Structures are given as C-alpha cells and as structure tokens.
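The structure appears below as structure tokens.
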Amino acid sequence: RPFDLSQDIDVSPEPYPHGKILRINPLSSGTAPYSVPADNPFAGVADRVAEVWAYGLRNPHKFAWDSVTGEMYISDIGQGVVEEISIGRAGANLGWNDREGAYVYVNGSTVSPLPAGHETDVYAYPVAQYDHSGTNGISGSSAIVSGPVYRGDDIPELTGLYFFGDFATNPGPIFAVDVDDLVERDDLSNINQYDNGRLAPYEEVEIRHNCADKDHRQFLRDVNNNQGITRTDIRWGVDADGEIYVLNKRDGMVRR
C-alpha cells in the first residue's frame with residue numbers, strides 16, 4: 001500500500017508523481033525546461049500540481065489511443081486481485097488505492113464490494129476488468145498489458161477491436177473487445193450483470209499454428225521447442241498503417 005500517494009495531487013507539503021499521468025509541453029519555455037498546457041485540469045488551481053492530467057492509478061505502464069475516435073485506453077496493473085482497463089479522462093481519479101478495479105481495496109490479497117452511494121463518489125471506474133482467481137477472470141493472471149485498437153486494412157474483421165493481454169504466470173492469453181462495449185458506468189451495485197463482473201464481453205484470441213488453435217504461451221512453447229516457458233511478457237506495437245505487431249521476451253521475435 002503506497003501511503004495513498006496516488007491520491008495526493010497537492011503541491012504542499014511535497015508533490016508526488018506516484019500514480020499519476022503527467023502532461024507537459026516538453027519544449028523549453030524561457031528558463032524553464034518545459035511548460036504546462038493551459039488546458040491541463042489543474043493548471044492555475046491553487047495548491048494543485050499543474051502537471052497532473054489524471055491520477056489514482058497504480059501501474060498504467062501501457063496505454064493507447066484509438067486513431068479514429070481519439071479515445072484513450074489505459075491498462076492498469078492491480079496490486080494483487082484485479083486487473084483493469086479504464087478510459088483516460090482529463091482530471092479523472094481512477095481510484096487507487098481506495099479502489100482496485102470496481103471494488104474497494106482492502107489489502108494486497110483482498111477487495112470488497114463497492115459501498116452504497118458509490119454512484120456519486122469521485123472515482124472513475126474501469127470499463128473492463130478481470131481477477132486473478134478465475135471467478136470472473138484468468139486463473140494465475142497477474143499483469144495486464146494494453147495493446148492498440150485495430151484500425152488497419154489487412155484484416156477488416158478486426159476493425160474497432162481493442163487488444164490486450166496478460167503477460168505473467170498463466171497461459172498468456174490475448175483478448176479483444178469491441179470498443180463500443182467499453183462503456184463507462186457510475187452505478188456498479190450489481191456488478192455481475194455486466195458480463196459476470198468483467199464489465200465488457202471480451203473474448204480470447206487464439207493463434208492458429210500447425211493446424212491447431214493455441215494460446216499465446218503454448219504458441220511460444222511450440223515454436224521455440226521449449227515447453228518450460230512459463231510467461232509471455234507480451235508487448236504490442238502498431239505501425240503507420242494501423243497494423244498490429246506482437247512482441248515477447250521469450251524469443252525476441254516481432255510478429256504481425
């Protein structure tokens with residue numbers, strides 16, 4: 001539990017960058033090494049860190065923009081229970097560490113249901129999530145990683161799908177969900193009504209290899225003749241034409 005630093009956007013007694021997305025103009029301005037855009041949500045607000053664009057995140061180490069709609073999708077790695085995808089909004093408080101996904105954060109292994117009245121609280125809740133137990137997620141999962149929204153021409157059937165995966169100690173699934181199904185909600189009192197608590201109907205994307213459908217980890221095991229591979233460490237790329245590339249740390253290959 002990181003001392004609630006993700007929730008602290010005050011200048012005094014000391015500003016903390018933890019758990020924030022910062023937005024600056026990186027060009028120097030006079031004697032300053034950079035400037036703060038005037039339309040930042042806290043620019044000009046007394047005792048607020050002007051560089052902060054969004055806060056209340058734990059580890060949003062990957063995020064992507066839809067090149068058609070401009071929507072920003074953030075994958076935020078959970079503490080120990082829930083992995084989540086959120087939509088980036090200026091000034092949004094995504095909850096950590098008062099929340100983990102669409103739950104109340106209790107400790108590194110426990111969450112609890114949202115309280116009554118959460119519909120009007122200050123937090124922006126995720127648009128998709130999964131847990132580590134397999135109840136409404138992926139057994140053995142531990143770290144979500146965002147990919148892009150497909151806007152290429154080579155595979156029209158994938159148009160408008162947002163890709164993400166889990167890269168750690170599990171079968172290394174790749175998932176896709178239609179961006180139209182990534183819906184922001186305030187009232188999550190009956191969370192199970194939204195795709196059994198997952199919030200969006202994402203589906204696993206398997207890889208066709210040697211006439212068989214395989215998850216990402218099994219594919220890497222087979223192409224590398226190494227059944228001992230335990231994790232994929234998947235990463236994503238997208239080129240100027242909108243085509244998607246899949247990378248991993250197991251064999252160093254870049255695949256389209």
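The values are calculated or read from the model by the stated rules, or taken from the named source; none is laboratory data. Since the model is a prediction, treat every value here as computed from it, not as a measurement. So basically every Cβ, Gly included, is an ideal-geometry build from the backbone, and we count neighbours across all protein chains shown. The accessibility values were calculated without ligands, DNA or RNA, using every heavy atom of the protein model including side chains. Shrake-Rupley method; radii C 1.70, N 1.55, O 1.52, S 1.80 Å.
Rolling a 1.4 Å sphere over the protein heavy atoms, what is the accessible area per residue of the range 153-256, to the nearest Å²? All intermediate terms of the calculation are to be shown ahead of the outcome.
Values: 5660 Å² over 104 residues.
Ligands and nucleic acids excluded, the figure is 54 Å² per residue.
Taking Lys and Arg as +1 and Asp and Glu as -1, the other residues whose beta-carbon sits under 11 Å from that of VAL179 total -4. Here the range 201-256 is treated as an ellipsoid with the same Cα gyration tensor; its semi-axes, largest first and in whole Å, are 20, 15, 11. Each other residue within a Cβ distance under 12 Å of VAL104 adds +1 if Lys or Arg and -1 if Asp or Glu, for a net charge of -2.
Ratio of Rg to Rh for the range 1-132: 0.99 [Cα atoms; Kirkwood radius as inverse mean 1/r over pairs].
In a shell of Cβ-Cβ distance under 15 Å around VAL254, excluding VAL254 itself, what net charge do Lys and Arg (+1) and Asp and Glu (-1) give? Once all neighbours under 15 Å are counted, the net charge is +1.
Quick one: in the range 62-145, what % of C-alpha pairs are over 14 Å apart? Summing the P(r) of the range 62-145 above 14 Å gives 63 percent of all pairs.
Given axes a ≥ b ≥ c from the Cα gyration tensor, I'd like to know whether the range 139-256 is rounded (a/c under 1.5), prolate (a/b larger than b/c) or oblate. The partial results should precede the final answer.
Numbers: a/c = 2.13, a/b = 1.36, b/c = 1.57.
Cα axes put the range 139-256 in the oblate bin.
Placing a label point 7 Å from the Cα of VAL122 along the Cα-to-Cβ direction, the residues of the range 18-46 whose backbone N falls under 18 Å from that point are 18-22, 41-46.
For the range 198-249, carbon and sulfur atoms together expose 43% of the accessible surface, with a 1.4 angstrom probe and every protein chain in place.
Peptides 204-213, 56-65, ordered by how many other C-beta atoms sit within 10 Å of their residues on average, highest first, read 56-65, 204-213.
Compactness of the chain, taken as the C-alpha radius of gyration over 2.2 N^0.38 Å, stands at 1.07. Where only DSSP H runs of four or more residues are counted, the chain gives -1000 deg cm²/dmol as its mean residue ellipticity at 222 nm, each run worth -39500 (n - 2.57).
Once you have a ≥ b ≥ c as the square roots of the Cα gyration tensor eigenvalues for the range 156-199, tell me rounded if a/c is under 1.5, and otherwise prolate or oblate according to whether a/b is larger than b/c. Provide the component values of the computation, followed by the final result.
Values: a/c = 2.91, a/b = 1.29, b/c = 2.26.
The shape class here is oblate.
If I compute solvent accessible area with a 1.4 Å probe over the protein chains, what percent of it on the range 71-169 is carbon and sulfur? Mind showing how you got there, number by number?
On the way: 1720 of 3250 Å².
Within the range 71-169, the accessible surface is 53 percent carbon and sulfur.
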